[in-house]
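The values are calculated or read from the model by the stated rules, or taken from the named source; none is laboratory data. No experiment lies behind these values; they were computed from the predicted model shown. Note that we place each Cβ from the backbone using ideal geometry, even for glycine, and neighbour counts take in every protein chain shown. Accessible surface is based on the protein model in full, side chains and every heavy atom, while ligands, DNA and RNA are left aside. Shrake-Rupley method; radii C 1.70, N 1.55, O 1.52, S 1.80 Å.
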Amino acid sequence: EVQLVESGGGLVKPGGSLRLSCAASGFTFSSYSMNWVRQAPGKGLEWVSSISSSNSYIYYGDSVKGRFTISRDNAKNSLYLQMNSLRVEDTAVYYCARDGRSSSEFDYWGQGTLVTVSS
Amino acid sequence: DIQMTQSPSSVSASGGDRVTITCRASQGISSWLAWYQQKPGKAPKLLIYAASSLQSGVPSRFSGSGSGTDFTLTISSLQPEDFATYYCQQANSFPLTFGGGTKVEIK
């Protein structure tokens, strides 16, 4: 059974940093591109970042470019998101999601971890 | 960036109704479109990928169609568990983008 479990969310002050983790199991992690998607309270879905299976490509949304860094450790079956210079508008539930078989759709999602940026 | 526009933003329907949601891309995306269902407090669930392919385990009352810029998600006979918010997403190019969502509510 595919499982994605996020951790690392919490309350942080504006300008602060946080590192999210996503532990993957039930599939060959090193064979799949992975993604972070977020959802602000009461709002829609926003793609944040993607990383290919072997780190050959990495992409970021404009709203996080230069502040967030995606990475992965295939030996540990883990995905990460280092978030620096956090802003109030980064407050959201952050989901880890696996790329699907067709293209960059997301076939499995974690339960999400809440990041709250507030003074 | 490719903008995704969903309509309607909400729809009220009764059990057994046929419900259609549309999604329009600001430029052609071939068939690189996915549909998701999200219930309150839960992660989204993939329903349809490549515009019309049904994800494993998803009931056949869900179907998708379209290509290029115009796409449709149809629920042929609405069931109680289908009341949720639905999102489209283009998978053609980065940055990946979602539609604004369509909330399917009980009439």
Next item on the list: Please specify each residue of segment B:21-56 satisfying the condition of being more than 12 Å from chain A (Cβ to nearest Cβ), β-branched (Val, Ile, Thr) and not in a strand (DSSP E or B).
Entry: none
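Residues are listed down the side, and each one gets a yes or a no for (1) open to solvent by 20 Å² or more (accessible area, probe 1.4 Å); (2) modelled with pLDDT of 95 or more:
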| position | (1), (2) |
| --- | --- |
| A:Leu79 | no, yes |
| A:Gln82 | yes, yes |
| A:Leu86 | no, yes |
| A:Glu89 | yes, yes |
| A:Gly100 | no, no |
| A:Ser103 | yes, no |
| A:Gly110 | no, yes |
Check: Is it true that A:Tyr94 is in contact with a Lys or Arg (Cβ under 6 Å, 6 or more places away or on another chain), among the hydroxyl-bearing types (Ser, Thr, Tyr), open to solvent by less than 30 Å² (accessible area, probe 1.4 Å) and not in a loop (DSSP other than H, G, I, E, B)?
Finding: yes
Next item on the list: Residues being under 15 Å from the mean Cα position of the chain (by Cα) and open to solvent by 60 Å² or more (accessible area, probe 1.4 Å): count how many of those fall in segment B:11-54.
Entry: 8
Notebook entry, point to check: Considering segment B:98-107 alone, what residues qualify as being open to solvent by less than 40 Å² (accessible area, probe 1.4 Å) and more than 7 Å from chain A (Cβ to nearest Cβ)?
Noted result: B:Gly99, B:Thr102, B:Val104
Check: Taking A:Tyr60, is it closer than 23 Å to B:Phe98 by Cα, within 11 Å of chain B (Cβ to nearest Cβ), open to solvent by 40 Å² or more (accessible area, probe 1.4 Å) and in contact with a strand residue (DSSP E or B) (Cβ under 8 Å, 6 or more places away or on another chain)?
Finding: yes
Item checked: Every residue from segment B:40-66 that is within 14 Å of B:Ser76 (Cα to Cα) and out of contact with any strand residue (DSSP E or B) (no Cβ under 8 Å at 6 or more places or on another chain) -> B:Pro59
Item checked: Residue that is farthest from A:Ser54 (Cα to Cα), among those in segment A:1-20 that are part of a strand (DSSP E or B) and open to solvent by 30 Å² or more (accessible area, probe 1.4 Å) -> A:Leu11
Item checked: Filtered residue count, segment A:33-57, keeping only those that are more than 25 Å from B:Tyr86 (Cβ to Cβ) and open to solvent by 70 Å² or more (accessible area, probe 1.4 Å) -> 3
